[in-house]
Structures are given as structure tokens and as C-alpha cells.
Amino acid sequence: MNKKYNKLTFVGIETSCDETAISVVRLKPDNTGTILSNIVSSQIDVHKKFGGVVPELAARAHVQKIERLAKIALAKSKMKWENIDAIAATAGPGLIVCLTIGMCVGKAIAGTLKKPFLAINHLEGHALSPRIKNKINFPYLLLLVSGGHTQFIEVKGVGKYKRLGTTIDDALGEAFDKTAKILGIKFPGGPILEKWAKKGNEKFYDLPKPIINKGGCNLSFAGLKTAILRLSKKIKSKKDKQNLAASFQFTINEILKKKTKIAMLEFLKEKNKNKKYVFVIAGGVAANKTIRENLKNTSKQMNFEPIFPELELCTDNAAMIAWAGIEKYKTGEKNNLKFKTKPRWPLDENAPFLKGPGIKL
Ligand code: KG4
Ligand code: ZN
């Protein structure tokens, strides 16, 4: 490793949605990282009664917490501010009122310390996060499944991403949360829905699999949610609700199996077919045990090595933002104090926008 990067230590700040997170990460000589502290404060209680994230309330909670969390993160890391090499903050995509807070705080700290400030794409944070703890070479295939995003991405290198597929409507976490809400489960319902599904019969309801036979590895969940809404009006008993939860989860797994195979074949185009490539599954939905099992099996069948970053790195966190900062800094990115927040910021700028009615696949 280049000597000037020895023990490079970054503070990461993440406030793109409803998690206020600050972390300190250090580069190791083997080019993986050590997480010195990783503080995440969730706002689930703030938004629960509204059934989703309320931007202004989220922003207010970030303002109230961020200074105290920064102090805790530094104390936990046993570092002093003057020994931090740079600050990295999420600049997008996300809620503009929320992003602005992390960006302002990050820029203020960097300015005061006279250290570089790096603006990070939240999705790039997710994409590079498995490299903190694992020695993974580029290229690898990433499936990001969270409350806000559902994408297959070929990670070719730092700053080099090719989107192979995306949801054309709801994100997978959103589909879980909306289905859970229909069944009467409080936000965010994904994890509870998984528990209900365990008690139900997954073959009880035959649910639609939107665009399963078209659109490459693009995905769609809106039609599934509508079917569930229709069915839910006819059922009353807890057992039927459990059956519906189980059938929903089963259908999601069928969709993911098929679309993952397509994404893998697309990824392998013009590559050495005998080589084993890594398949990373990240985002909050990757916590679902049935999805993990399913994608492990699919990887085995397709000769990929599945990697699930540990849960605290899978869901929204600031360690991935600090880490993306380190990776970008190593490729020569310097100070970008003038960078403005970007609420819409696709990882692959060349990929077509595929959301909304009238999309042709
Ligand atoms: O990545 P994440 O923590 O936050 C962002 O959305 O960025 O993902 C949260 C999402 C929520 O929609 C939540 O319901 C879903 O991940 N989730 C799950 C499970 N655990 C979290 N969905 C299905 N099964 C789970 N066990
Ligand atoms: Zn995220």
C-alpha cells in the first residue's frame, strides 16, 4: 500500500433518511478496514404512528442528535479530532432536508479542522461496504435490497458501476412494509411479517409475479401489493393473514430467484465463465432468513460466492460512508467542500430512468 495512506482514518456521517449515524473507520495495511466506532440512532419511534418516514420530523431528529452522536463516536474510537484525516458525508440520494444536515455538519467539522471533505453517494457506500471486512476483488455483483432501493449492480471498481436491473416501482423493503401494513402490522413491518410467514402456508394463495418473464433482471412489486390489498379485504382470521404473509414471502423469493439468475448471466457476459465471482447481498431486507437461504442456493447453482455483510453494515450506517470516503480518497479524490446535496443521484448515470407509468421494458 502507498505509505501516505497508512492508517488513513475517516469520520463518516449518514443522515439521508431516518437514521442518524456517525462512524470512525481506519484503513488497514491489507486494504480492508477497522471500524473504530459505528453509532446508529434510529428514528423508528418518531415515524411509527405515521406509517412511514416524515421528512421534516426526520430532519428535526437529526439536528437534535447529531452533535451528541459525533462526540460519542469520537470517544468510542479513542481518536482526537485533530488526528482524523478527513470527513465523509452522504450527499445523496435521499431526503434533501435530511441530507443537508449531515452535509452542513460534515463541512463545518472539515472546515474547522482544515481537513478534506468528501461527498459520498449513499448507494456507493452500500456497494463498497463488503470490502471493509472482506478481501473482495472487483468486479462483483451486488443486490441492494432496502426500504428505498432495489437494484442489481455490477461493481467494476471505485466509482465504476453498471446498473443491470432495478425495481420499476416499489423497493422490496417498501413492498414488505406496505404488505405488513395491509395485514395490520406496524411500520416497519418487514421483520414482523417474516415471523408471521413462518406460521402460515406459503402455497395457500397464488399471487402474481409482475414482469417475471420480461424486462431482464428489472423487478416490479406494485401489482403484487395490489393483489394482496384485494385479498386482504376478504379475510378475517389471523391464520389467513399468516397464510397471506407466507404466500407473499414465497412469491418474493420466487421472483428474486429468477431475477438473480438473469442478473448473474448478464454479469457473466464477456467474463471468464469458469471463474467464481462474488455476489454481495446488502440492505435491510437481506436480514430476511428465507431470502438469505434462497440466494445462497441460487449462488451455489450459478457458481457464485454469496457474501452477506454483517447486519450492522447491511442496514444504513455511517461506517460504509467513511469507508467509501477512504476508497475514493485512495483513487485520488480530494476535497469537495463545494459539493451540493443531490437528492436524486443514480450510481450509474448512464442507466435509463425506469420508474413511473408507461415504462417499456
Ligand atoms: O437498509 P435499511 O435498514 O434502510 C433503508 O431502507 O435504507 O432497510 C430497511 C428495510 C425496511 O423496509 C424493513 O422492513 C426491511 O428493510 N427489513 C426486512 C427485514 N428486516 C428489515 N424485510 C423483510 N424481512 C426482514 N427480516
Ligand atoms: Zn440505505
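The values are calculated or read from the model by the stated rules, or taken from the named source; none is laboratory data. Every value quoted in this text rests on a predicted model; they were computed, and no experiment measured them. In this analysis, Cβ positions are derived from the backbone assuming ideal geometry, glycine residues included, and neighbour counts consider all displayed protein chains.
Data overview
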quantity	calculated
Residue within the range 15-29 that is within 16 Å of ligand 1 (Cβ to nearest atom), assigned to a helix (DSSP H, G or I) and in contact (Cβ under 8 Å) with a residue 60 or more places away in the chain present	no
Helices (runs of 4 or more DSSP H) contained entirely in the range 58-163, each with at least 3 residues that are among the aliphatic types (A, V, I, L, M)	96-113, 122-128
From LYS259, LYS273, LYS241, LYS338, residue being in the same structural domain as ILE192 (by TED's automatic domain parsing) and out of contact with any Gly (no Cβ under 9 Å at 6 or more places or on another chain)	LYS273
All positions within the range 229-259 that are more than 29 Å from the chain's Cα centre (by Cα), among the aliphatic types (A, V, I, L, M) and part of a helix (DSSP H, G or I)	LEU231
ILE35, sole failed condition from (1) within 17 Å of ILE120 (Cα to Cα); (2) within 21 Å of the chain's Cα centre (by Cα); (3) among the aliphatic types (A, V, I, L, M)	(1)
